[in-house]
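Let me begin by presenting the structure, written as structure tokens, before commenting on it.
The values are calculated or read from the model by the stated rules, or taken from the named source; none is laboratory data. Since we're looking at a predicted model, the values are computed, not measured. For neighbour counting, all protein chains shown are included, and Cβ atoms are generated from backbone atoms with ideal geometry for every residue, glycine included. Just the protein is used for accessible areas: all its heavy atoms, side chains included, with ligands, DNA and RNA removed. Shrake-Rupley method; radii C 1.70, N 1.55, O 1.52, S 1.80 Å.
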Amino acid sequence: MAKIPSDMEGILRTLAQIYAMQGARREVAVLAKSKSEVEQTDYDNWNGGTYGYTVTLRLPSAHYAQIEADRDAIEQDFLKRMDPLLRGYQNESVHSVIITLEIENDENWRKNAIRWLEKADINSLRMGGRKTAFDVFVSHASEDKEALVRPLAAALAQHGFKVWYDEFELKVGDSLSKSIDHGLANSSYGIVVLSRAFFSKNWPQYELEGLTARQMIGEKVILPIWHEITKDDILRYSPSLADKLAIDSKTNTIQQMVSSVASVINGTGQSTR
């Protein structure tokens, strides 16, 4: 007879597939990046014995920090979505799902802690002491998602950065303008993926205006990426953007882009063209 603990990896895989089909990237990331544990936490003699389990999902600290504010809601949604997957298990059920931190062994953590503090201090100085919810906001046209933006946002998140990206943050029913305004106001930097599609769309222009407003009051926040566009093209749209150091997608891989962005966010360098 099937047992929940022995089948849990398959259950989680199926759950992740359901979320992926619905475009819920954050939930898929939590399931894929966590280490799962199943523990029997309840037993009742009724009906020949019924067993209750707790599923614990342990996330690395960088990924846990990105979802901590919504952790309770994600746990409850996992539990609800898991229910139909467990109907074939006689006298067994999952009573709770817990998302928590993975305890990471690092003999150099004391040295690393100094760098964590230095990064926090840099962010604090850059934002005038104001804490931000996200390291970077990604502004782009939807036409550029598949080829560049989606893998870039995922790579930045995997690098440990808190990323405001529409597929990570927007849910059905959200106010688009309010969500974008929140992301713009609460991100330390804004990656702007400049392309012909970008300059033909209203929402990307709206996002750029928000980042430009912050730039005008002295915050150096705009990190341009040129995607299938030339300096002459950008000069026609925005001479001020053409003058900024930028990353060109034609000469940089996704990992090289992440490295350039990381050097700016961490205060160790500038993005390069």
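Numbers for the structure displayed
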{"item": "Boolean, K201 is at pLDDT 75 or above and of a type in the set (K, R)", "result": "yes"}
{"item": "Extreme residue, least open to solvent (accessible area, probe 1.4 Å), among residues of the range 20-65 that are of a type in the set (S, T, N, Q) and at pLDDT below 85", "result": "S61"}
{"item": "Leading residue by the ranking (modelled with the lowest pLDDT) among those in the range 112-169 that are among the charged types (D, E, K, R) and within 16 Å of the chain's Cα centre (by Cα)", "result": "E169"}
{"item": "Some residue of the range 251-270 being of a type in the set (G, A, S), assigned to a loop (DSSP other than H, G, I, E, B), open to solvent by less than 20 Å² (accessible area, probe 1.4 Å) and modelled with pLDDT of 70 or more", "result": "no"}
{"item": "Residue satisfying condition, being of a type outside the set (D, E), surrounded by fewer than 18 Cβ atoms within 10 Å (Cβ to Cβ) and free of Cβ contacts under 8 Å to residues at least 40 places away in the same chain, within set R87, R81", "result": "R87"}
{"item": "Some residue of the range 208-216 being over 21 Å from V149 (Cα atoms), charged (D, E, K, R) and either modelled with pLDDT under 85 or buried (at least 16 other Cβ atoms within 10 Å of the Cβ) (or both)", "result": "yes"}
{"item": "Sole exception among (1) modelled with pLDDT of 90 or more; (2) among the small types (G, A, S); (3) open to solvent by less than 30 Å² (accessible area, probe 1.4 Å); (4) over 19 Å from the mean Cα position of the chain (by Cα) for S93, by number", "result": "(3)"}
{"item": "Selection from the range 184-201 of residues that are within 13 Å of E143 (Cα to Cα) and of a type outside the set (A, V, I, L, M)", "result": "S195, R196, F198, F199, S200, K201"}
